Structure formats: C-alpha cells, structure tokens
Amino acid sequence: MNQYTISALVSNKSGVLVRVAALFARRGYNIESLSVCKTENDALSRMTIVLNGDDYILGQMMKQMDKLVDVKKIQQVEEDAVCRELLLAKVKTDAATRSQILEISQIFRAKVVDVSPEATILELTGKSSKLDGFVTMLMPYGVMELARTGVTAIGRGKACIKDETDYKEKI
Amino acid sequence: MKKIGAEILIECLKEQGVTTVFGYPGGTVLDIYDALYRDGTIEHVITSHEQGAAHAADGWARVTGRTGVVIATSGPGATNLVTGIATAYMDSVPMVAITGNVGANFLGRDSFQEIDIFGVTLPITKHNYIVKDASELAGVVREAFRIANSGRRGPVLIDILKNVQSMEAEYEPQKPLPARRKSVPARELEQIAKALSAAERPLIMAGGGAIASEASKEVVALAEKLDAPVVSTLMGLGACPASHPLFMGMIGMHGTATAAKLCMESDCIIALGARFSDRVALNRGKFAQGKTVIQIDIDEAEIDKNVPTTYSVLGDLKEALTTLISMIRETKRPFSQKAKQYRAEEKAKDKAPELGHRVLIEAAKLAPKDAIVVTDVGQHQMWTAQYFPIEKPRTLCTSGGLGTMGYGLGAAIGAAKATGKHVILVTGDGCFNMNLNELSTAVTEELPITILLMNNHALGMVRQWQKLFYGRRFSQTNVRKKTDYVKFAESFGATGLVIEKDEDIVPALTTAFATNTPVVVDCRISNDENVLPMIGPGQTYDTIMTEWEDK
C-alpha cells in the first residue's frame, strides 16, 4: 500500500466536496486526509487529498475525479513537492513536565500558543512525518486533544496546476 | 425580455429542439405544467408512474440519439425517477430530468413532499443542479443539455425550487452550443494501426460506444479491411449488422460459442466503445491474458479499468476509426475463414430448443420493416440478443448495465413515440408485472407496440442460477400468478393474444404486427427453459456450457 497526494482545483460552490467524497466512498477508496481552501481565484477552491492505495487506485481516482464537472484541474503531487500540515496539540502539563515539553517543542520548532497550569497548546507546521514524530514524543506526557489540518501541497518550480489540461477539454 | 422561471425553462427546452417530454404533474411543478399548457408547442406524454416516464425518455433517447427529457414533481415524483435515471447512467444515455422542489421558504424543513433529490441522484447522474434563482435557470438548462451530450453521455438532473418557477428573470434566446468534441491524437492511432496490421488473429469487439458515436459504418469498414470477425456486447448490438458475414454474435456470459472460441484463439482484441464489464470479461484477469488489447473509448476512466490495455486512445470512436481505417492496408486473414466456419457449425447445431426461441425467430422474420426491438431483463432479454438479429444501430433498447426489470414497457413507449415505427417489446412475466401500469399509457397514445410476453410463471434467469448454483432450491422464483393476460390487455383497451404451441406463433404474430395499437401476446412457455450458452460469473471462457448440465 502506497500513499499518494492529489491536488485539484474545483468550483468554489456548495456540493463539490460531497461529490468528491461520495466518489471515494462509492469506489471503496480510502481518503487519508482531505483539505479544502480558497485560492487566488474566487471561482476556484483547492483540494489536497492524501490517498492510500496502489497505482491502479490512484489512476482510477484521478480519472474519475477529472470527469466531475466541478473538478477543473487535477494533478498528482510529486514526491519533491512542498507538502505541509498544521498541528495543534493540547498536552497535559504540570510544573514537573513543563520544561521537558518546552524542550521537545524547541527541537521541533513548535510554537507554544496557550499555557495554563494543567495544559499547554502547541502549534507545529511541517511534513506529516515530522508531525507524527512530534506527537510520538508528546504521547508520554498525555495528549489531551489533537487537531491536524491534513496535508496541503504545492509543486516546486514555475509549473502550476492551472496549466494542466482538464479531461473534459481533451474529448 | 422578462419571463418567469417556468417560461424560461420551456424556452430553453425549445432552444434545444425538444419536441416531446415525458412526465407526471404535481404540486411543485404546477408552474412548469402551466407554462407547458400556455406554450402548447411541446408534446407531453403522461405516464402512469414517473418510473415509466423516465424509461420512456430513455427509450426515446436511445432510438433518436438525442437527449430525452422527463419531468416530475418533488418528493415521491422525484424518487420514482431514480431507477430510470440510474438505468440511463449505466448505459450512457443522454437524458435531462427536471424535478420541482419545495419553495425556498420551505426548503430544509422536511416540508410536504420535500426530498433532497440532488443528494439522492448525486452518484447516478453525470452532473446535477439545484436552481435557487431564476436568473441561473437558462444557463443551467443549456449546460445540462451540453453535459448530457458531451463525451460519454448520460443523465443530468435539474431540481428547480417552486418559487423559482414563478420568479421573473431576464431571458435572451440562444442557439445551443454544440457538444464538445476534440480530435483524436493521430500518433496513438498509428501505433494501433501497426499493432492491428501485425496481428494474425484480430477480433473486433463492438460496444455501446459504437452506437453512441454513430460509428457503425466505420466498425464494418474496419472489420472488412482487417478481414476480422466482429463480436458485440449486448449494448453494441446493431453496430455491425447481424447478417454481415463477419458478425459472430454477442460475446459474454450468454454470448455465442463462436464468440467465446474466437476470444480465446485471437491474438489481438480491439474494443470499440466497450468497457469489459463483468458480464463480458467474466474473469477480468484472465480474459485477455497474453493478447494484445486495444481500447478506443471516450471515457478516460474506462481505459485500463477492468482489463489492462496494450494500446489505447481516448476520443470519439467514429473519428478515431475514420483515421485508423485510412492507416490500415486491406489484408485477408485465415482467421476470418475459421470464424465463419465456427459460426456456421454453431448455427447448424442450434435447433432453437425452446418455444421462446422459436417465437423470436418467427418474430424477426415477420417483423414490420425497421421495427424497433425493446427488451426487459432476464432470459427473454438474452434470447432476444441471440435469436433476434439486430441489423441497424438504434433499433434495440435494452437495460444492459443496470439490468432494470420493468424497463421495457416505458422504453417501448418512448421508442414508439420517437419513431412512429412498430415496436416489439420482448418481456417476461416477472418484468412485465413490474410496470404493466404503462400499458394504459401505450393504449392512450395509440402506439404500435407488440408485447411478446414470455410467460413462464417464473423468474427464469434467477431460477436458472438457482438450478446451477443453489441446488435447485427455487426460492421465490416459481411465481404462480393467476393473471389472465388476455383479459388484462382487453381491460386496458389493448388486444390480447395467446401462443401456446408452435402452430400459434405465425397467426398470432401476423395479427399482432398488423395491429397499430398495443397487443399483448401471452407466450405460454415452460418454466424450465434455459439460456445457453453460459459462462459462469467470474469464470474463464474455456468453461463455457453449451448444453445443459445439472450441477
């Protein structure tokens, strides 16, 4: 089982997310993470989907998504692309553990965004693997709550997703 | 100019050249029906049930190649369309379904007859809309028709809120945009031409795409140039005339033994608008093992989906074939001689053992010129594919992908309405009972439909599987209905006839085909007839069963 990341520009209107999610559900494919955001163009949103599977599933998913009227551009995110995720973690803290938690945060370059006598909220941005490592280190102290945004990604160099050809334009 | 939403809808339908719609009125489409009434130029066929209307729009679209239109009210009206829309979706039939919904004021409050038909039809439409403002309506309708007709065709649903139908908006007439169509890359076609020319035993497999793309002439031309036998999927029947010497019949679970043999012996299979469904490929991993597989399809997602290809090209089949044919030199191949010999031997051996077979053979002989054949789903459907030669594209309507029992009568109404030609509906007592309410529609519309009701008092195909795979435990498939179909037909205002034995066939069919209104022919066949040949689900072609063996 491999992990793939897909970026797509989709119409910025209601119902698009459910179309994409329904497509994955119907074909029995698993979404590892999904993030949706606005783009520089008001008419378009950007979706970043992380998918577990093999080359066949990736190919089918990209082709099936490309067929959706509201999916305008789609591409597989290349391995060297910039992939980032944001994490917020609420960690159980007391006087004894606070300095250790802060030390770990420093190593990962995480930010302390909230401190209270019994808990600390930490913010970290980076590759998913870095975030995973961070969480592993925090676990022994007691992770009370964890929120991750899912991966968002952008390819390196001057090539842009908007230069891709839409399947609907190919036929 | 200012118009209300309902009027804008009617104007947009007229822009698209719509002359006939099928449907059923109700609370949330009152404004649309009022606009239809006031306009008076679009013919509306009211069915007994919205499902019948959806199948009628589907039949209409299959025989004309144009987009079928169906209208239904919100809630149950809309949900009753679902099977019809799904049928069209699975068989790539262009359709625009229009539903009303409750007004904006009532939306999301579980109001009377409110249902989220947008959500319900999401996975069974190419695209769907919910229109909340009259100013969007014209754009949506135009786009809907374009989507239904572009690329791989299919159904589109437009859900229009009731208040939008009476809301005023600006309307300017527009000519319909042509369906999108891009040229097929020549470089990939060259590779395919090379592979085909190098093949010793090429086999052409025509699918529904050959009909959708109006590529029958090109399919035949390719076959003749390559001197290659042609087999067809159920959806592709008619793309190559059944009487063509290179045509070897249907391929798949109930295809001809010749098709199965050729499939095994060929070194190269070229699929023309066919998707290697499980009813064709059966064992998709072994279906084309070791062969060159070429696929031409308009749907990128179909390429390599079920059977991996050696060469493929994305695009319109008619255009691709036109170019491809010009790249190939005419060659004679011994394989085609072998194929013809196989077919002749198979035909000589086939004694049409069942009464149902013989009814169909005679029906094909006596059928009025250019008659349209419509089927329901099951044994009679397979017999039709095997024993009723389909000579021309768009003269067979059958639910291939979804396998919708109850499809036939609605579709027959649509086909008859569209062409004015005689329609032969082959159905079974199981299927017929699902939507026989539409007989009243056929009678009201005075349509020339002959219904060959293969009445075996059983759900024959399911029963056949129970015989083969469930130790003859006929759970719920011996249906002992007491219906007198002659009286039934007469009570609906149709004619009822009976075929009980071979001598009845010709007189009954002659009478039926000479009648220009609906005739139900109750063909009382045995409950133990089979469909053969058969290859079991997931099995390989060498396991084909040509004579019945109890398992």
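Check the stretch B:90-102 and report whether any residue there is within 14 Å of chain A (Cβ to nearest Cβ) and without any contact (Cβ under 8 Å) to a residue 12 or more places away in the chain.
No: the stretch B:90-102 contains no residue that is within 14 Å of chain A (Cβ to nearest Cβ) and without any contact (Cβ under 8 Å) to a residue 12 or more places away in the chain.
Only one of (1) touching a helix residue (DSSP H, G or I) at 6+ places or on another chain (Cβ under 8 Å); (2) closer than 28 Å to residue B:63 by Cβ fails for residue B:280. Which number is that?
Here residue B:280 meets the rest and fails (1).
Considering the stretch A:81-109 alone, what residues qualify as being in a loop (DSSP other than H, G, I, E, B) and more than 30 Å from residue B:302 (Cα to Cα)?
Of all residues in the stretch A:81-109, those in a loop (DSSP other than H, G, I, E, B) come to A:81, A:93-97, A:109.
Matches in the stretch A:81-109: A:93, A:94, A:95, A:96, A:97, A:109.
Being of a type in the set (S, T, N, Q) and within 21 Å of the chain's Cα centre (by Cα) narrows it down to one residue among B:111, B:135, B:166, B:92; which is it?
Values: B:111 fails: within 21 Å of the chain's Cα centre (by Cα); B:135 fails: within 21 Å of the chain's Cα centre (by Cα); B:166 fails: within 21 Å of the chain's Cα centre (by Cα).
Within the list B:111, B:135, B:166, B:92, the selection yields B:92.
Any residue that is surrounded by fewer than 15 Cβ atoms within 10 Å (Cβ to Cβ) and farther than 21 Å from residue A:145 by Cα - is there at least one of those in the stretch A:87-105?
Within the stretch A:87-105, not a single residue is surrounded by fewer than 15 Cβ atoms within 10 Å (Cβ to Cβ) and farther than 21 Å from residue A:145 by Cα.
Across the stretch B:511-550, what is the total count of residues that are hydrophobic (A, V, I, L, M, F, W, C) and in contact with a Ser or Thr (Cβ under 9 Å, 6 or more places away or on another chain)? Write out each step before concluding.
Our first condition is that a residue be hydrophobic (A, V, I, L, M, F, W, C); within the stretch B:511-550, this holds for B:512-514, B:519-521, B:523, B:525, B:531-532, B:534-535, B:544-545, B:548.
After this cut, where a residue has to be in contact with a Ser or Thr (Cβ under 9 Å, 6 or more places away or on another chain) as well, the list is B:512-513, B:519-521, B:532, B:534-535.
Of the residues in the stretch B:511-550, 8 are hydrophobic (A, V, I, L, M, F, W, C) and in contact with a Ser or Thr (Cβ under 9 Å, 6 or more places away or on another chain).
Please find, within the stretch B:291-316, the residue that is farthest from the chain's Cα centre (by Cα) out of those that are in a loop (DSSP other than H, G, I, E, B) and among the hydroxyl-bearing types (Ser, Thr, Tyr). Quick ask: steps written out before the conclusion?
Pass one, the stretch B:291-316, residues in a loop (DSSP other than H, G, I, E, B): B:291, B:298-299, B:303-310, B:315-316.
With among the hydroxyl-bearing types (Ser, Thr, Tyr) added as a condition, the list becomes B:309-310.
On the way: B:309: 26, B:310: 29 Å.
Among them, the one singled out is B:310.
Taking strands (runs of 3 or more DSSP E) that do not extend beyond the stretch B:1-80, which have at least 3 residues that are open to solvent by less than 20 Å² (accessible area, probe 1.4 Å)?
Numbers: elements: B:2-4, B:20-23, B:43-46, B:68-72.
Passing ranges, in order: B:20-23, B:68-72.
Could you grab me the full set of residues in the stretch B:309-338 that are basic (Lys, Arg) and more than 14 Å from chain A (Cβ to nearest Cβ)?
If we filter the stretch B:309-338 for residues that are basic (Lys, Arg), which is where we start, we get B:318, B:329, B:332-333, B:338.
Across the stretch B:309-338, the qualifying residues are B:329, B:332, B:333, B:338.
Return yes or no: is residue A:169 within 14 Å of chain B (Cβ to nearest Cβ) and either surrounded by 14 or more Cβ atoms within 10 Å (Cβ to Cβ) or not in a strand (DSSP E or B) (or both)?
Details: within 14 Å of chain B (Cβ to nearest Cβ): yes; either surrounded by 14 or more Cβ atoms within 10 Å (Cβ to Cβ) or not in a strand (DSSP E or B) (or both): yes.
Yes, satisfied.
Tell me the strands (runs of 3 or more DSSP E) entirely within the stretch B:118-217 that contain at least 2 residues that are open to solvent by 10 Å² or more (accessible area, probe 1.4 Å) and more than 10 Å from chain A (Cβ to nearest Cβ). Write out each step before concluding.
Details: elements: B:127-131, B:155-161, B:168-170, B:202-206.
Here the list reads B:168-170.
Quick one: residue B:496 ticks every box in (1) out of contact with any strand residue (DSSP E or B) (no Cβ under 8 Å at 6 or more places or on another chain); (2) open to solvent by less than 20 Å² (accessible area, probe 1.4 Å); (3) free of Cβ contacts under 8 Å to residues at least 40 places away in the same chain bar one, so which box is it?
The failed condition is (1).
Looking only at helices (runs of 4 or more DSSP H) that fall completely inside the stretch B:434-551, which ones have 1 or more residues that are of a type in the set (Val, Ile, Thr) and under 22 Å from residue B:385 (Cα atoms)? Show your work before the answer.
Values: elements: B:439-444, B:460-469, B:485-491, B:502-514.
Of the helices (runs of 4 or more DSSP H) lying wholly inside the stretch B:434-551, those with at least 1 residues that are of a type in the set (Val, Ile, Thr) and under 22 Å from residue B:385 (Cα atoms) span B:460-469, B:502-514.
In the stretch B:265-273, is there at least one residue being open to solvent by 10 Å² or more (accessible area, probe 1.4 Å), over 25 Å from residue B:381 (Cα atoms) and touching a strand residue (DSSP E or B) at 6+ places or on another chain (Cβ under 7 Å)? Can you show your working first?
At the first step, the residues of the stretch B:265-273 found to be open to solvent by 10 Å² or more (accessible area, probe 1.4 Å) are B:265, B:267, B:273.
Retained after the next criterion (residues that are over 25 Å from residue B:381 (Cα atoms)): B:265, B:267.
Add one more test, that the residue is touching a strand residue (DSSP E or B) at 6+ places or on another chain (Cβ under 7 Å), and what stays is B:267.
Yes: the stretch B:265-273 contains one or more residues that are open to solvent by 10 Å² or more (accessible area, probe 1.4 Å), over 25 Å from residue B:381 (Cα atoms) and touching a strand residue (DSSP E or B) at 6+ places or on another chain (Cβ under 7 Å).
Which pairs have Cβ atoms under 7 Å, sit 6 or more apart or on different chains, and link a residue in the stretch B:266-277 that is assigned to a loop (DSSP other than H, G, I, E, B) to one that is crowded, with 24+ Cβ neighbours inside 10 Å and hydroxyl-bearing (Ser, Thr, Tyr)?
B:273/B:213; B:274/B:233
Of the numbered conditions (1) more than 21 Å from the chain's Cα centre (by Cα); (2) farther than 30 Å from residue B:141 by Cα; (3) assigned to a strand (DSSP E or B), residue B:249 fails exactly one; give the number of that condition.
Just one mismatch for residue B:249, condition (1).
Out of curiosity, is residue A:27 within 13 Å of chain B (Cβ to nearest Cβ) and either under 26 Å from residue B:121 (Cα atoms) or open to solvent by less than 40 Å² (accessible area, probe 1.4 Å) (or both)?
Answer is yes for this residue.
Tell me whether the stretch A:31-49 contains one or more residues that are aliphatic (A, V, I, L, M), within 14 Å of chain B (Cβ to nearest Cβ), open to solvent by 10 Å² or more (accessible area, probe 1.4 Å) and not in a loop (DSSP other than H, G, I, E, B).
no
How many residues are under 21 Å from residue A:128 (Cβ atoms), away from every other protein chain (no Cβ under 14 Å) and not small (Gly, Ala, Ser) when one looks only at the stretch A:57-91?
15
Residue B:225 - would you say it is outside any loop (DSSP other than H, G, I, E, B), surrounded by fewer than 20 Cβ atoms within 10 Å (Cβ to Cβ), in contact with an Asp or Glu (Cβ under 6 Å, 6 or more places away or on another chain) and more than 13 Å from every other protein chain (Cβ to nearest Cβ)? First the steps, then the outcome.
Values: outside any loop (DSSP other than H, G, I, E, B): yes; surrounded by fewer than 20 Cβ atoms within 10 Å (Cβ to Cβ): yes; in contact with an Asp or Glu (Cβ under 6 Å, 6 or more places away or on another chain): yes; more than 13 Å from every other protein chain (Cβ to nearest Cβ): yes.
Taking the combined requirement at face value, the residue satisfies it.
The values are calculated or read from the model by the stated rules, or taken from the named source; none is laboratory data. Computed from a prediction, not measured in an experiment: that's the story for all the values here. In this analysis, Cβ positions are derived from the backbone assuming ideal geometry, glycine residues included, and neighbour counts consider all displayed protein chains. Remember, those area values only see protein heavy atoms, side chains included, never the ligands or the DNA or RNA. Shrake-Rupley method; radii C 1.70, N 1.55, O 1.52, S 1.80 Å.
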